Structure formats: C-alpha cells, structure tokens
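Q: After the structure tokens below, expect a handful of questions from me.
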Amino acid sequence: MTLLTVALNNLRRRKGRAAFLVAGLLIGVGTVVALISITQSMTGQTKANLQSFGANIVVTPRSKDVALSYGGVSAGGVSVGRQSLSQADLARIDTIPSRADIATVAPQLVGAVQVKGRRVLLLGVQPEQQFKLKRWWSVGAGHAPTSDHELIAGAAAARTLGLTMGDYVRIGGRRFTVTGVLNETGSQDDSLLIVDLGAAQQVLDEPGQVTLVEIAALYAGAPVARIAGEIGAALPQTKVTAMQEAVKSRQHAVDQFRRFTYAIVGVVIAIEALVVFLTVMGSVSERTREIGVFRAIGFRRVHITRLILIEALIASALAGVLGYAAGMAITSIVLPLVAQSAEVAWAPLLGLAAVVLAVAIGGLASLYPALHAGKMDPTEALRAL
Amino acid sequence: MAVVMRETDQETRPEASAPAGPSAQDDRAVRFIDVQGLEKTFAGDGAPVHALRGLDLTVPEGSFLGVMGQSGSGKSTFLAMLGGLSHPTAGSIAVDGIDLYALPGERLADFRREYLGFVFQSFNLVPYLTALENVTLPLAVKRMPSAQKRARALDVLERVGLADRRGHLPGKLSGGEQERVAIARALVNEPPLILADEPTGALDSETTVEIMDLFAELHREGNTIVMVTHNPEIQRYFDRTIVLRDGRLDCELPACSTDTPV
C-alpha cells in the first residue's frame, strides 16, 4: 500500500468522479488536437493550392519603355513595342538548380489585333499551362483551345464583339472558331481573345517569340527571390520580377489563420485549467472527512497534497491519451467538410504533446486544491471529534 | 523534559530523552498520560465556548480508561486533544513523556502515526478501499516492503476475526465488521495508546459485547486504551471511569453521586 495505490483505487472504484475529471479534460484536449491537426492539414493544402495558384515570378524582356499592367500585376519593363523573348531561350529555365521548385511555366504573347472593326488584345498561350496557372479561369459551356484554329473570348470581349460559342471570327487573315467564353474574372482577362501560342505567333508575325513568361514557384521549396535570381542568371537578356507582395500576402493569410487557431487553443487551455481546478476543488471539499481520517492516522500535509496530485495526474494522462484519439476522430470527420482535398496528417508527436499538455494542465490546476487539502484542520475535517 | 526525535527502522518514533533509570521509567509508566491544566476555548458566533476548563488527569500505562459525560461535557474535545488533533488554549498533554504540543511542525502527525491508534465514531473507513486496504492505510506513508505491509495488515485482520472478509469494501460489511476493521486499522502500527470515540455507538447490543470483548482482550495484552462513551452498560469493561461535566473532571466512578449525569 502506497499513496499511488490509494490514488489508483480511488480512481478505479469511484469511476463516476474520475470520469467527470477525465471527461472535462478530454474535451479540451480533443478540441485542441482537432484544431491543430485541422489547421496543419488545411495549411498544407492551402500551401499546395497556392503554390500554383497564379504567378509569383514574371519574366519580361529588358526594356526602358513604359510599364504595362497585366492582370493587376506590374509586369516590369513590358512595353507595347515589339520587344519579345525567344521561346527557345525558355528551355534554359529547365537548367536552373531550383527547377524542381517551379510548378508552372506559362509563356504568353500579347499583341493588338483588329476584329470586326475594333482593336482588341490577342493573347497567345499554351492552354494547359495557362489554365494551370490561372485556376480561376473557367469556360462555361465549351472548352479551351485545343488547336491553332480555336479561340476563347473573355467575357467583356465576347459581349463587345457579339461572340458566342460556335461563331467564326477572322483575325489577321486566319479563321478561328469560338470554342467558348471565359467566365467573368473581373480582371483585364475579360477583354482578351485567347488563342494557342503558335497561332498568335503567326497572326502577330512573331514566330518563336513570347512577350512575357509567368511562372508559379512552390512556396515550400526555395524562396521565390532565389528562383527569380537563378532565372535571371539563365536569361540575362530578361527582367525577372519576383512578386514578393503576392507571395507575402498569401503567406500572411495562411499565417493569420494559424495564429487565430492558436489563439483559440489558448482560450481552450485556459478554460480547461479552470474546469480541472473547480472539479478537483469540489472533490477535495467532498472528501473533507476522508482527508481528516488520513490526517488523524498520521498522514502529513505533504502526503495529502501528494495524494491529490497523483490522482489528478493519472486522470490527466488518461485524458491526454483519450483526448488525442477523440481529436483525431473529430479531425477525420470535420476536415472533409471544410477542405475536401486535404488529408488528415497523423502526427505521433502531436499525441505525445497532447498527453504532456493534459498532464501539465491537470497538475498545475490541481496544485492549489492539493495544497488546500493538506492544510485542512483534521478536527474540523472529522467533525465527530 | 526534552523531546528527541530518533530514526528507527527508517521511521520516526518520538521518544522522550529522560534518563532511563528504573524510577524514571516507573514514573513514566504511572504518568503514561499526563494532563495538566488543560483548557480549550472555541470562538463561537456569540460568546466563546469553553469546552475544557482546566482538566488535570494522569493515566498509568496499561489502563483501560472510560470517559463518560453528557453531550457538551468536553469528552470528545478531550479525546481529540489527546490524539494530537486540537491544540489546547492552555495547559499541556504529555504521552509517555512527550509533550504533544511542543512537537515542532509535522512531528505531531508522525506522533499520531507511530503512537496512536484511532477508532472513530461511525468507523470512518475509506469507502473505496477494501478491508485489508483500510487496515494497511496507516502504513501507506511508511518505508516498508509491500509484502511486509500486507503481512502485518493480514495478521491484525485475522486477530479481529475478519481475514476472510479482507477483499470486501466497507459498504459490503456489517456494522460490527466495519468496527472490527476500524480497530484493526488502529492496531496495525502497534501503537502504545488506543483512543476510541464511541466505538459501539452505532452497534446493536450483541455486537457491542463482541467489540468490547475485543477491546478487553487488547487491554489484557497490555495496551493502554482511552474510550469515550455514552453507554453505561460497557462501563464494566473499564478499570477506571471518569465523568466530565462542563469541561471539568466531575468525579470518578463509582465515587460519583447518584445524580451525576453520565
């Protein structure tokens, strides 16, 4: 028989009381585990989504001319003149050390054309790369260009030129079939006519040339600025702009989300500490007579304190284990509802942290009640004497 | 008389440091319990309550002392103070030469553990511990091999005739059985002094006799027992009975007047 034995027997044979303490802590630990694991999974998914969600590096020919804003992004030295890049030179991007950290390379050719008596911008793209880069692009009915005789129209351009799917339009002596209208994006893209890059190069008489290249670099990999530097070294005739602000704002959103989660976790921990404190304090009050007996038969104050703490720590450790399991169960249920493609990230270290957290909360919150129990006047506690 | 705390078998048993000559030992045996001018006043809501008003008493070693008196006479307060549970307002209590309330800090708790065996009114068994575990409880804070603790507790439990009920929780024991477990718990540390507060108060007459026979046996074995009781029928077990009234020693049976309330 030791204090540990007494504590274990109390928890084992008065399951109701023990269950109350364990349940209170378990709910808090489970909530914290769920919040953190959901946040980690969503952060991972957000990063993955953001990695190729729009360009964060723009490559343009060196030019001293007036800057042209495209897609809400300053494209550096692009001018409306005949400055362009050789498409063949772009192969050198594949030789940079950080190539694995590049998700998408989307070369584009921009030029003004005459259609139905109006001047409009013609954009030549590699459709697969372009749509991968600009995930917000979508064609209602219809499809992206699959040949050099097809085009899609931005929403505003379609309205202005009266174009619908299936129409034919002549641009620079070539006939194109309208295979779709781009859904409204609210950007300059709505005013474009979009064709295959090769077709645009023929229409604009710029064989093998591009106006700019938009590149999406992975956040988890090398820093965007370093990738931009490597591209600049590979293509010295270009101006390479790292869209730091875009990267930072997206990262900021992710960080804000994570900070908000941690703030909620802090509040939950504080509430849990209070729950444990009140539960243990109530238990000590209920056990006044029992504590009086312990004191009367020769337990010192420190023995009483130790006994209460041992009980609280055992219950807390159990709550930590069960709380981790509950939290991961909640995560597996909730995560698909809030982030369809995110996967539950099983983290054994999170389980260990959950137990440590539970024991720490249980121990600290029980300290005052345990000390209070040790200080009880045995005569008052017994009352019969 | 100085008090020396001596480590014995890794436990702390308070001992008096009086010279060990035969006359001193005899004196300690005669004055095994030495109460002088004992007073206890509780601060009540209105006027203070004087539970004890100057009690003087000596009890030789090996006595079976009965303490009787009406409710409010101070007998339970006296027992609590004798058990080191309540500090006196004035006066002193010495047990085996040890001035209880001169003991520093938690040494009083050590004294209770090593010197006293308490048998409470209403048994006060721990409800979530079996009979054997309740008996072993005073040993929980002693440094002793678990097997030895268990053996000692089983031995005592057997002595009170409840070895076959050792695995039962108090809720599954009769009143008499619970009382026996309480007595066994009081004996497990082999204390020189046994204090009992109304041990038969909740028992029927037949069980009362069984329990008092057990106490009588302990007395015959040389234990010093102080028992508080309302029950005049068990007075025959005591070799000395005092009556308290209004916080004072009123008389000692059989010398009390017939109208002395007990």
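The values are calculated or read from the model by the stated rules, or taken from the named source; none is laboratory data. Source: prediction; values computed, not measured. Ideal geometry is used to build each Cβ from the backbone, glycine not excepted, and the neighbour counts take in all protein chains shown.
Q: Kindly establish whether B:S122 is surrounded by fewer than 21 Cβ atoms within 10 Å (Cβ to Cβ) and modelled with pLDDT under 90.
A: So B:S122 fits the description; yes.
Q: Let me ask you something else. Which residue, of A:T95, A:T46, A:T31, is modelled with pLDDT of 85 or more and within 22 Å of A:Q256 (Cβ to Cβ)?
A: Residue meeting the stated conditions: A:T31.
Q: In the set A:A155, A:A106, which member is in contact with a Lys or Arg (Cβ under 8 Å, 6 or more places away or on another chain) and over 12 Å from A:V178 (Cβ atoms)?
A: Just a single option satisfies the conditions, and that option is A:A106.
Q: OK, next. Identify all residues within the range B:203-229 that are hydrophobic (A, V, I, L, M, F, W, C) and closer than 25 Å to B:G84 by Cβ; write none if there are none.
A: B:I211, B:L214, B:F215, B:L218, B:I225, B:V226, B:M227, B:V228
Q: From (1) under 26 Å from B:M81 (Cα atoms); (2) within 14 Å of another protein chain (Cβ to nearest Cβ); (3) charged (D, E, K, R), pick out the condition that doesn't hold for B:R236.
A: Only one criterion is unmet by B:R236, namely (2).
Q: Within the range A:281-329, track down each residue that is polar (S, T, N, Q), in contact with a Lys or Arg (Cβ under 7 Å, 6 or more places away or on another chain) and farther than 30 Å from A:A34 by Cβ.
A: Within the range A:281-329, no residue meets the criteria.
Q: So, of the residues in the range A:140-154 that are buried (at least 18 other Cβ atoms within 10 Å of the Cβ) and of a type in the set (A, V, I, L, M), which turns out to be modelled with the lowest pLDDT?
A: If we take residues in the range A:140-154 being buried (at least 18 other Cβ atoms within 10 Å of the Cβ) and of a type in the set (A, V, I, L, M), then A:A144 is modelled with the lowest pLDDT.
Q: Let me ask something else about it. Does the range A:273-280 include one or more residues that are farther than 30 Å from A:M42 by Cα, within 14 Å of another protein chain (Cβ to nearest Cβ) and over 38 Å from the mean Cα position of the chain (by Cα)?
A: no
Q: Return the residues of the range B:91-142 that are free of Cβ contacts under 8 Å to residues at least 60 places away in the same chain, under 15 Å from B:L195 (Cβ atoms) and more than 7 Å from chain A (Cβ to nearest Cβ); say none if nothing qualifies.
A: Hits for the range B:91-142 are B:L100, B:L108.
Q: When the residues of the range B:171-201 are filtered to those that are within 11 Å of chain A (Cβ to nearest Cβ), in contact with a Pro (Cβ under 7 Å, 6 or more places away or on another chain) and closer than 22 Å to A:R13 by Cα, which remaining residue is surrounded by the fewest Cβ atoms within 10 Å (Cβ to Cβ)?
A: The selected residue is B:G171.
Q: Where residues in the range B:49-78 are away from chain A (no Cβ under 14 Å) and closer than 17 Å to B:I234 by Cα, which of them is surrounded by the fewest Cβ atoms within 10 Å (Cβ to Cβ)?
A: Taking the candidates together, the pick is B:Q70.
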